[in-house]
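Reading through the structure tokens given below for one structure.
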């Protein structure tokens, strides 16, 4: 391994990229997108789904009253940009449906014609996308909790005005989590059983079990919107540099005869490959580091982050050189890279949808987003080291295959 030859080859790669306006423009676009993401979504407080999901919920009401004002005052901060409370058109008919944009849901609060009964009435009408009922869960949880709280406070207030202890009579169920409704249902079930069983003889009365409900979020199991997009940007920067850009430029060198000239020069195959393995991963890691630092600067102090970046860069470059050896022209190299990424993405998606195990483990693209997301969110667990080890093994296999193919036919 001769350093002066490596230095010349690295200088050649640097000059080629310095004149590649398309690659530089895309790198600048990635950095700009990451900066905009950090500025426009700094809180990182909302869950995110890559496929489907309800991103906005409309609370449409016919009459502005105390309930509507209570809902306005109790919208949580994490849903403040996703919930819109608005009044319906005054001339809309009770059975007239409203049109809502794609990817949204709605909760309509309409008046009921209960004048004959002498009391007000509400029709609460839920609207959700046809195949995404669960997407409304986060909005419904807040809406039902606050609606119940409002009516309970109103009932306690009216009892207090009548001379009774409203707070004591109505009680106050805990509303600090999403299980309050289930607790209330169990309480009513057991109260009803005790009332009915009290009429039975003592030997026939059997106690009901005690049910305690708790909930705890799983650490690192959710993917916020900002962390998910940042993970995609970091991963894209590595794969764009090593899987798409490198095969395209290598095949261009082959078409122009530059690769053959390098093979006829004093540089050997190992030195040519070493220069590529030094330049492209470094360029990809440099771009990924900028994107990662914008998202979370503290991640740059984590050794696991650097192991992740260089391991993924090694594996992705092995994939890129393999594609460059298989493809014969610059156009076919670009198409092969796009087809490879499309096939892998569809394969992983089908395996996920059909609960097919083991096959995704053999793809570098399966482990990459898991460890990148864990690193960016500082939620590294022991199993992420297993993912990193799998990436290292797959990267070594791809790099070995790339070396064999390039030595046999890469320069031809």
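Pairs are defined by a Cβ separation below 8 Å, a sequence spacing of at least 6 or placement on different chains, a first member in the range 204-223 that is loosely packed, with under 10 Cβ neighbours inside 10 Å, and a second member that is at pLDDT below 80; the pairs so defined are 215/177; 215/178. All conditions but one from (1) in contact with a strand residue (DSSP E or B) (Cβ under 9 Å, 6 or more places away or on another chain); (2) loosely packed, with under 13 Cβ neighbours inside 10 Å apply to residue 359; the one that does not is (1). Scanning the range 262-305 for residues that are in a helix (DSSP H, G or I), at pLDDT below 80 and farther than 19 Å from residue 400 by Cα turns up 262, 263, 264.
Look at residue 338 and say whether it is in the same structural domain as residue 232 (by TED's automatic domain parsing), surrounded by fewer than 19 Cβ atoms within 10 Å (Cβ to Cβ) and closer than 28 Å to residue 7 by Cβ.
Working: in the same structural domain as residue 232 (by TED's automatic domain parsing): yes; surrounded by fewer than 19 Cβ atoms within 10 Å (Cβ to Cβ): yes; closer than 28 Å to residue 7 by Cβ: no.
For residue 338, the condition - in the same structural domain as residue 232 (by TED's automatic domain parsing), surrounded by fewer than 19 Cβ atoms within 10 Å (Cβ to Cβ) and closer than 28 Å to residue 7 by Cβ - is not met.
Regarding the range 128-144, can at least one residue be identified that is touching a strand residue (DSSP E or B) at 6+ places or on another chain (Cβ under 7 Å), farther than 27 Å from residue 187 by Cβ and at pLDDT 85 or above? Yes, there is a match, as at least one residue in the range 128-144 is touching a strand residue (DSSP E or B) at 6+ places or on another chain (Cβ under 7 Å), farther than 27 Å from residue 187 by Cβ and at pLDDT 85 or above.
Residues in the range 351-364 that are without any contact (Cβ under 8 Å) to a residue 40 or more places away in the chain, touching a helix residue (DSSP H, G or I) at 6+ places or on another chain (Cβ under 9 Å) and part of a helix (DSSP H, G or I): 351, 352, 360, 361, 362.
The values are calculated or read from the model by the stated rules, or taken from the named source; none is laboratory data. Quick caveat, the model's predicted, so the values are computed rather than measured. For neighbour counting, all protein chains shown are included, and Cβ atoms are generated from backbone atoms with ideal geometry for every residue, glycine included.
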